[in-house]
Ligand SMILES: O=C(O)[C@H](O)COP(=O)(O)O
């Protein structure tokens, strides 16, 4: 499959101001978890202005609060999951919950190396195992050495039983929020069918429209437009407010849920998005600053600063990692 991105996108730094969100920002706690996701769990009383922000680089004993000054800048990393067992077999997968292949595991680890010096405070994945494996494997490579922990809010008991009782341990953790809204588009009656055989049966043009058009859904499945309705809404309601608070976010999701989010971030038209292709396991970096998203391409690795423009904040973060870990 082609590497990321259509000709319209290469070399351009697309940006836009998101429309005024009707949703208020919600505060985070010292675990940096949006209160929204765990309000029953910790019974927090903080407000956004009081929220302590922990320096991710300081050891627990040196941890300090930087509460007063919020950053107006945050990193956003998008990763499509690594190769799955059905990608390998060339089957339409959609919402079928298929794990990674060995190659997919390697891709996720490689993606982790590429983002290993970019700060991550909060992780969002879909509810599907291939995205969750990708996020977890990628984070094994991160130089902050924090532990990603999936938040379970499916029941009060699940919340209570997964409570962490050490503040110090929480500080060394990164919350992971799994959301079905970030799942792959539901591929309807194509799920489980071979892509090549389907093209032979229904015609290349028809199958291309099902796979890449914005408006046309596959039989009994979701069009990209329908997928965008839930994925972009989730992004606006739950992820963008975190970025606005200065929290750095990693999203591990899927070809089409991420295409719909990139369409939103880069303000692509429904025509332009048809030529947007995402490779498995390839991280994409955006900077959210002054209410705008700026595409920064795909980080190649911790030592290749010239490949994409580090912002001052990212450069400082990387320098601190060097000082702390070397
Ligand atoms: O669901 C699938 O089959 C793939 O993850 C994405 O498929 P596509 O490239 O056909 O959209």
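The values are calculated or read from the model by the stated rules, or taken from the named source; none is laboratory data. Please read all numbers here as calculations on a predicted model, not as lab measurements. Cβ sites come from the backbone with ideal geometry, for glycine too, and all protein chains shown count toward neighbours.
Tabulated data
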item	result
Residues satisfying the stated conditions in region 87-99, i.e. in contact (Cβ under 8 Å) with a residue 40 or more places away in the chain and either near the ligand (Cβ under 9 Å from one of its atoms) or assigned to a helix (DSSP H, G or I) (or both)	87, 90, 91, 92, 93, 94, 95, 96
Residue identified as touching a residue at least 40 places away in the same chain (Cβ under 8 Å), in contact with a helix residue (DSSP H, G or I) (Cβ under 9 Å, 6 or more places away or on another chain) and within 24 Å of residue 82 (Cα to Cα) among 245, 265	265
Among residues of region 223-260, those that are more than 11 Å from the ligand (Cβ to nearest atom), within 25 Å of residue 100 (Cα to Cα) and not in a helix (DSSP H, G or I), counted	5
Qualifying residue in region 106-115 (condition: at positive phi, within 16 Å of the ligand (Cβ to nearest atom) and in contact (Cβ under 8 Å) with a residue 24 or more places away in the chain)	no
Any hit, region 52-62, residues being modelled with pLDDT of 95 or more and touching a strand residue (DSSP E or B) at 6+ places or on another chain (Cβ under 9 Å)	no
Yes/no for residue 154 being over 19 Å from residue 275 (Cα atoms), free of Cβ contacts under 8 Å to residues at least 40 places away in the same chain, within 16 Å of the ligand (Cβ to nearest atom) and out of contact with any strand residue (DSSP E or B) (no Cβ under 6 Å at 6 or more places or on another chain)	no
Condition check for residue 211: within 13 Å of the ligand (Cβ to nearest atom) and free of Cβ contacts under 8 Å to residues at least 60 places away in the same chain	yes
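To keep it simple, each residue is scored yes or no on (1) at pLDDT below 95; (2) within 12 Å of the chain's Cα centre (by Cα).
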| site | (1), (2) |
| --- | --- |
| 241 | no, no |
| 254 | no, yes |
| 258 | no, yes |
| 266 | no, no |
| 295 | yes, no |
| 309 | yes, no |
| 315 | yes, no |
